[in-house]
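Here's the structure we're looking at; comments come further down.
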Amino acid sequence: MDLRYSAEDEAFRSELRGWLESEVPRHGPDPGNVDWPARRAYDTAWQAKLHAAGYAGLHWPAAFGGRGASVTQQLVYLEEYARARAPYISVNFVGLMHAGPTLIAEGTPAQQAAHLPAILRGDEVWCQGFSEPGAGSDLASLRTRAVRDGDHYVVNGQKIWCTRAQVADYCELLVRTDPDARTHRGITWLVLPMRAEGVTVRPIRTIDGDDHFCELFLDDVRVPVENRVGDENDGWRVANVTLRFERGTAFAQHIINLRGQVGRIVEVASSRRTPAGTLWDDVELRRRVGRITADLDALWRLTQMCITEADRTGQPAQYGSAVKLRYSELGQEVAELFVRVVGRTSLALHDFDGLPALEAGKGHLWSLQSTIAAGTSQIQRNLIAQRILGLPRP
Ligand SMILES: Cc1cc2nc3c(=O)[nH]c(=O)nc-3n(C[C@H](O)[C@H](O)[C@H](O)COP(=O)(O)OP(=O)(O)OC[C@H]3O[C@@H](n4cnc5c(N)ncnc54)[C@H](O)[C@@H]3O)c2cc1C
């Protein structure tokens, strides 16, 4: 493997860097996660700018409106994006990172034409309706029911933890179409229009004071059969395609951002005075930052392998579970270390005495979700044991 970038990649880097340097400051301040229509407007306007400049869906094949960039250019893009502190894709995350890629892999030409260009332009926002109050880790036990009625499915049930569903246009929805089949066998993957009659979205307030995710109630919602992705009762296989994109490559940008957060720890530690100098003179702290940096380098190499594999086969490899596991646990360690460096002021959740208490405190609270979302760490360990290492099921 040659990990160096070519002259062509470096040319791409400098063109992208120039564009980001001029466009990011012009996009204005982040609106936060309270005013959701403002959040959507901000994120989708940024997506539209990326699209107009030819940077939308860099990893999507050109036949589907993406840039079809080489693996190395995808990596350069992520590095430059993080360097420029460009807006996080937020409301476009599901559409760009796993619903769109699932449609590319499994959708009909009509579904692809209807949704893929709109996702890339930022005109369409997607959410995910997989989890239910009684079906999280054991997703295959989901009970939301879809009954065929002519050329529609009539859907009834409840979903939960649907991230940013309050501003979504479509939902990747898992439903049970055959209640008599064994759990994995009777599931179907549908494209749910969020504005269909009978869809109710109720936001959930979390410990950090925001309402990132929602409950979704479905009462006699009529979904056209043409919105089915894959065959009826073949949804578990399609869902696994979605989950492999979600776990394998979707976190690449977050992993790069972790490096920036380690940089922030060093910056703040260097500015905090102690009787002996600054916090950054503490040998233990330096040792820990050094070890985390080495861990991040190793994780980035694993991510590069995953992206390369996704490029070669069209789907991320199973070891995406290892990337997700390591990323989420390292992310929590970094967030916790940041709180330690900032000190007790982090509890205030607003900046005080020149210290970034809000950033550290909120970042720590937010990091708690990472070992749960997209499959818990225990589930990732089970997958690693069974599907990567080939160990027997317990
Ligand atoms: C921030 C965030 C965003 C999310 N966004 C979405 C979304 O947009 N759409 C969506 O559909 N879902 C979403 N989820 C839901 C997420 O996928 C589930 O929370 C997750 O799969 C765990 O399910 P659960 O919460 O029901 O926990 P449970 O499955 O009830 O698990 C409880 C505990 O038991 C452990 N456990 C369960 N089974 C096993 C086992 N077989 N072996 C070992 N340990 C086990 C788990 O690891 C966990 O510690 C989101 C979650 C979070 C935190």
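The values are calculated or read from the model by the stated rules, or taken from the named source; none is laboratory data. Since this is a predicted model, take the numbers as computed values, not measurements. Positions of Cβ are backbone-derived with ideal geometry, glycine not excepted, and every protein chain shown enters the neighbour counts. Heavy atoms of the whole protein, side chains included, go into the accessibility calculation; ligands, DNA and RNA do not. Shrake-Rupley method; radii C 1.70, N 1.55, O 1.52, S 1.80 Å.
Things to note:
- Sulfur and carbon atoms: percent of accessible area, the stretch 155-265 [1.4 Å]: 45 percent
- Exposure rank, largest accessible area first [Met305, Met194; 1.4 Å]: Met305, Met194
- Per-residue SASA entry for His254, accessible area with 1.4 Å probe, Å² rounded to 10: 40 Å²
- Rounded percent of accessible protein surface that carbon and sulfur make up, the stretch 1-132, 1.4 Å probe: 56 percent
- The accessible area of Ser271, taken with all protein chains in place and a 1.4 Å probe, comes to roughly 80 Å².
- For the chain, the solvent-accessible area with a 1.4 angstrom probe is 47 square angstrom per residue.
- Farthest towards the positive end of the charge dipole of the chain, among the residues Leu258, Leu285, Val241, is the Cα of Leu285, using unit charges on the Cβ of Lys, Arg, Asp and Glu.
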